[in-house]
Amino acid sequence: DQQVKQNSPSLSVQEGRISILNCDYTNSMFDYFLWYKKYPAEGPTFLISISSIKDKNEDGRFTVFLNKSAKHLSLHIVPSQPGDSAVYFCAAGGAGGTSYGKLTFGQGTILTVHP
Amino acid sequence: EPEVTQTPSHQVTQMGQEVILRCVPISNHLYFYWYRQILGQKVEFLVSFYNNEISEKSEIFDDQFSVERPDGSNFTLKIRSTKLEDSAMYFCASSEVQGGISPLHFGNGTRLTVT
C-alpha cells in the first residue's frame, strides 16, 4: 500500500532549529491527515491534524501545512528540542466512504535532534 | 491524562495456538480499533468497531481474527490459530466521536511472537 509515503527515513537537526518532515499521498479522496510521534516501546501519540479543506493548522511549536494540488503535507517543529527525537508518522483517512478511523500510515521518519 | 492500556505487553505463542490480546480503551470513547505493525513495515489497519459491531475490516482481518467487547470496558482481539506471519506489534486505539477529526489514541501495544 503506497498511498501515503514518507520518503525520508531519517532527519537530523540541531536543537533550536526547525525540523521539517514531509509526507506525500496519492489518493485525492483523503479527508483528513494526522501526524503521530512514536517513542520506542510506546504506541503512536497524536500530535496534530488537518482537514482537507484547510491548508494550515498550528498548535504551539507544531504546524502542519497541506498542499492539496501537490498531494503533499509537511510538519514543521520550531524550535526543535532533544525530546522531539522520535519516529514521526504521517497518516491519512476518510477516503471514499471508508469508516472513520481507518488510517493509512506512512512508513515513518526518524527525527534526531542534537543538543 | 486518560490512556489506552493493553495487556500483555509481550505474548509468545506456538503456531496454531489461539491468542487473545486485551485492551481497555479510554472510558468515554465510543470507537475502537486494532492496528498492527510487522517489524520493519508500516502500521496497518485491521478493524474498527462501534456500537458492538465491526464497522470495517481490512483484507488482513480474515476468519482467523475476531473482536469482542465482552463488557463495558474491555476490547479484545482473538487470533484463533496463529501463523508465523502473525508475529507483529498489535496496537489498540480508541476515539471519542465520529465527525470532525477526533484523533485516535493508541495503547503501547502487545508484541506477539509466534514460534
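The values are calculated or read from the model by the stated rules, or taken from the named source; none is laboratory data. If you're wondering where the values come from, they're calculated on a predicted model, not measured in any experiment. All Cβ positions, even for glycine, are placed from backbone atoms using ideal geometry, and neighbour counts span all protein chains on display. For the accessible areas, the whole protein counts, side chains as well, though only heavy atoms, and no ligand, DNA or RNA atoms are used. Shrake-Rupley method; radii C 1.70, N 1.55, O 1.52, S 1.80 Å.
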Filter segment A:96-113 for residues that are farther than 19 Å from residue A:7 by Cβ and surrounded by fewer than 18 Cβ atoms within 10 Å (Cβ to Cβ); the one that is nearest to the other protein chains (Cβ to nearest Cβ) is A:97
All conditions in (1) part of a strand (DSSP E or B); (2) surrounded by fewer than 17 Cβ atoms within 10 Å (Cβ to Cβ) are true of residue B:1 except (1)
Check off (1) more than 12 Å from chain B (Cβ to nearest Cβ); (2) surrounded by 14 or more Cβ atoms within 10 Å (Cβ to Cβ); (3) of a type in the set (Lys, Arg); (4) on the phi < 0 side of the Ramachandran plot for residue A:56 and give me the number that stays unchecked. (2)
Considering (1) at pLDDT below 95; (2) part of a strand (DSSP E or B); (3) of a type outside the set (D, E, K, R), say which one residue A:57 fails and leave the rest. (1)
Within segment B:21-115, strands (runs of 3 or more DSSP E) holding 1 or more residues that are open to solvent by 40 Å² or more (accessible area, probe 1.4 Å), at the interface with chain A (Cβ under 9 Å from one of its Cβ atoms) and over 22 Å from residue B:9 (Cβ atoms): B:43-50, B:53-57
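Residues checked against (1) surrounded by 16 or more Cβ atoms within 10 Å (Cβ to Cβ); (2) in contact (Cβ under 8 Å) with a residue 12 or more places away in the chain; (3) not in a loop (DSSP other than H, G, I, E, B):
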| position | (1), (2), (3) |
| --- | --- |
| A:28 | no, yes, no |
| A:41 | no, no, no |
| A:47 | yes, yes, yes |
| A:64 | yes, yes, yes |
| A:74 | yes, yes, yes |
| A:80 | yes, yes, no |
| A:91 | yes, yes, yes |
Of (1) in contact with a Leu (Cβ under 9 Å, 6 or more places away or on another chain); (2) away from chain B (no Cβ under 13 Å), residue A:88 satisfies every one except (2)
